1. So is residue 84 surrounded by fewer than 10 Cβ atoms within 10 Å (Cβ to Cβ), in a helix (DSSP H, G or I) and at pLDDT 80 or above or not?
2. Please determine whether any residue of the range 151-168 is within 31 Å of the chain's Cα centre (by Cα), part of a helix (DSSP H, G or I) and surrounded by fewer than 13 Cβ atoms within 10 Å (Cβ to Cβ).
């Protein structure tokens, strides 16, 4: 009868262990949900305006070999037209002051547009690094949670094993006493 009571006690304790583990799992799911929600918020808060798209396209083209080649060809054509084609009356004679003015204006306009695009890229990188940080935090929390669960399992399994051994020793003592009484 005592053995049956001990087994029932062990089964009840195993049920309590499962309930504690279930609570740990629920807590980790809630923490995971919070971090996942934060990650989605970080990704969803970026609406790109037309001006930002335009700045990105200008910066993309302005930082390419195509831009350099096109601009180089325009300069060569400009100089050729003013030296060769319009030999008598060029619209921009030799020091090419008008060409220099146009080049300065293009540089003056292009530089802030490229900087706007770079600032947007920097904001994207900052958001991405915040997202990476949250993902790392989530992974760290999962690892800690797993460590806690494993520690809890080991501790409670050891306690269960000690109690089972105790019950076995009690049973062996009873058997030993009953054998001594028979002799």
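1. For residue 84, the condition - surrounded by fewer than 10 Cβ atoms within 10 Å (Cβ to Cβ), in a helix (DSSP H, G or I) and at pLDDT 80 or above - is met.
2. yes
The values are calculated or read from the model by the stated rules, or taken from the named source; none is laboratory data. Keep in mind it's a predicted model, so treat the numbers as computed, not measured. Counting neighbours? That spans all protein chains shown, and the Cβs are built from the backbone with ideal geometry, glycine included.
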